[in-house]
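Taking it in order: structure first as structure tokens, then the write-up.
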Amino acid sequence: MATIALPVAAQTSRDGIEGRVDRLEREMRAVQRKVFPGGAGQTVEPQITAPQQGPGAPGIPASGVVTDLTARVNALESQLSGMTGQIEQSQYRLRQLEDAFNAYKRSTDARLKALEDTASSVGGGETPAPVSGTRPASGGPTTTTPTRPASTPVAGVERPSTDDPAEDGYIYGFRLWSAKQYDKAIPELRTVVQKYPKHRRASYAQNLLGRALLDQGKPALAATAFFENYQKMPNGERAPDSLYYLAQALVKMKKPSSEVCKVYDELTQVYGDRISEAMKMDVTTGRSASKCK
């Protein structure tokens, strides 16, 4: 009887281990489908293969086969555990990236909202200067005052003429501004921004438009021009300059130091690696004057 019971026990143990192997292989395939969704043939082959064994002697329990199956089970369990851990780590890193992106977006939205609130609060301080043209005369019919077209050259200021009208318009506006002819420079610069918004000189023209208004003694209008340059063309070459001069315009408007400091903070946070050393020194001076923390 003993010679019969031993092979039956071995067979039972072997069947149990094979059941575990089948279950683990099914779980492994499920994990592979999760890792490689829709991927044809992208599977991870088992790292353990059964060693070649010669047939056992008739009537002797196949203890070597049971040992091999146990090794396969252990290898599959280890491999499945490792892949499950990798998936969990990947999901954790993905959640971290999503959280970081959402935090960055909230911070950026908050900064833009603060600047928009600042820009909206400066409106109404001044009214735009009336465009010279038709003006009703008191007690008489309407008369028309002749105006100088924007394309008419101004005495002493040469208008460039190349195959790039946006460049020509900005250079001419810059020359007018340098000559302190702000009322002539402003329409020229506005024309560049309106006609060529995608040209690199649009950022230059919008910034210089704000400076012309600031030099003309209209800091509220200048602040609006500077903020629009930053808001509409944040990657423009003069966007950092516009934030700096926006702070200067707020100072001239006698706005609270907290508003001025917000603009300096935005300039440093967004363009800290782009601004020149000279501007960094100017910002430091401005922050000190406004008692920014």
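Some notes on this structure:
- Residue-count net charge about PHE226 - beta-carbon cut-off 9 Å; Lys, Arg +1, Asp, Glu -1: -1
- Taking each of LYS232/LYS291; LYS198/LYS254; LYS195/LYS293 in turn, the alpha-carbon distance tops 31 angstrom for LYS198/LYS254; LYS195/LYS293.
- On a per residue basis, region 152-221 carries 49 Å² of accessible surface, using protein heavy atoms and a 1.4 Å probe.
- Distribution of pairwise C-alpha distances over region 168-293, 5 Å bins, in %: 2, 13, 22, 22, 20, 13, 7, 2, 0
- Extension gain for the segment GLU88 to ASP183, taken as residue separation times 0.36 nm less the Cα-Cα distance, is 27.7 nm to one decimal.
- LYS280, LYS198, LYS180, ranked by accessible area, largest first (probe 1.4 Å): LYS198, LYS180, LYS280
The values are calculated or read from the model by the stated rules, or taken from the named source; none is laboratory data. The shown structure was predicted, so the numbers you read here are calculated from the model rather than taken from an experiment. Cβ atoms come from the backbone with ideal geometry, glycine included; neighbour counts cover every protein chain shown. The accessibility values were calculated without ligands, DNA or RNA, using every heavy atom of the protein model including side chains. Shrake-Rupley method; radii C 1.70, N 1.55, O 1.52, S 1.80 Å.
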